[in-house]
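The values are calculated or read from the model by the stated rules, or taken from the named source; none is laboratory data. Quick caveat: nothing in here was measured; it's all calculated off a predicted structure. Neighbour counts run over all protein chains shown; Cβ positions are idealised from the backbone, glycine included.
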Amino acid sequence: MAHGGDVVELARLASACRAELATRRGGQLWSAYEADPDLGATLARAIDDPTWRVVVGTWCDVTVAAGAVHAVGLRDGSTIGILELLYVEDGFREVAVGEVVMDDLLDWARGAGCRALDALALPGMRETKNFFERFGMKARALRISIDLDGADDDVDPA
């Protein structure tokens, strides 16, 4: 679990995640519309909030990953976990740090009584989709969009 001493690293990793996602197909619009404009500050506040779970992942005592989920009430009275951040620095994505962080977040969501866990994968992010599928996650909705101003035309279609 993250603590106050992790705030700087959490902000750094949240910023790196947002920057990376903004370069992907659909990422510019996601960044302008859905992304938390100051996720680092949100995570700093969330560390002590019982409706959130914020964790860091380390490799050889160096913070290389971060994850955050929070429970949100639904209209039917149940709750769902919203994965706000799951980011592993490039170079550490094949050493299971992300899996350890994801396991922790899933355990927390189950323990918090969440009926589901929602996460984001932008179009073309096959590795991300594969990662989530290894945990039994599957798409339950697709948001369809048309780019009317050409702003996303130069974004990496990977």
Looking at (1) at negative phi; (2) part of a loop (DSSP other than H, G, I, E, B); (3) loosely packed, with under 14 Cβ neighbours inside 10 Å; (4) small (Gly, Ala, Ser), which is the one condition that is false for Ala121?
(3)
Extreme residue, farthest from Thr58 (Cα to Cα), among residues of region 79-118 that are touching a residue at least 40 places away in the same chain (Cβ under 8 Å) and among the aromatic types (Phe, Trp, Tyr)
Trp108
Exactly one of these conditions fails for Leu21: (1) in contact with an Asp or Glu (Cβ under 7 Å, 6 or more places away or on another chain); (2) surrounded by 15 or more Cβ atoms within 10 Å (Cβ to Cβ). Give me its number.
(1)
Taking the residues in region 51-63 that are hydrophobic (A, V, I, L, M, F, W, C) and touching a residue at least 40 places away in the same chain (Cβ under 8 Å) as candidates, determine which candidate is surrounded by the fewest Cβ atoms within 10 Å (Cβ to Cβ).
Val56
What number goes with the only condition from (1) under 26 Å from Gly124 (Cβ atoms); (2) in a strand (DSSP E or B) that Gln28 does not pass?
(2)
Of (1) surrounded by 15 or more Cβ atoms within 10 Å (Cβ to Cβ); (2) part of a helix (DSSP H, G or I), Ala35 satisfies every one except (2)
Of Asp61, Asp76, which residue is at pLDDT below 95 and among the charged types (D, E, K, R)?
Asp61
Could you tell me whether region 83-106 includes any residue that is within 22 Å of Arg126 (Cα to Cα), among the small types (Gly, Ala, Ser), surrounded by 15 or more Cβ atoms within 10 Å (Cβ to Cβ) and in contact with a strand residue (DSSP E or B) (Cβ under 6 Å, 6 or more places away or on another chain)?
yes
In region 47-63, how many are touching a Lys or Arg at 6+ places or on another chain (Cβ under 9 Å) and over 12 Å from Leu85 (Cα atoms)?
1
Hey, among Leu120, Leu142, Leu148, Leu83, which residue is closer than 24 Å to Thr23 by Cβ and in contact with an Asp or Glu (Cβ under 7 Å, 6 or more places away or on another chain)?
Leu83
Sort through Val88, Val69, Val95, Val56 and tell me the only one that's among the β-branched types (Val, Ile, Thr), over 15 Å from Ala16 (Cβ atoms) and touching a helix residue (DSSP H, G or I) at 6+ places or on another chain (Cβ under 6 Å).
Val69
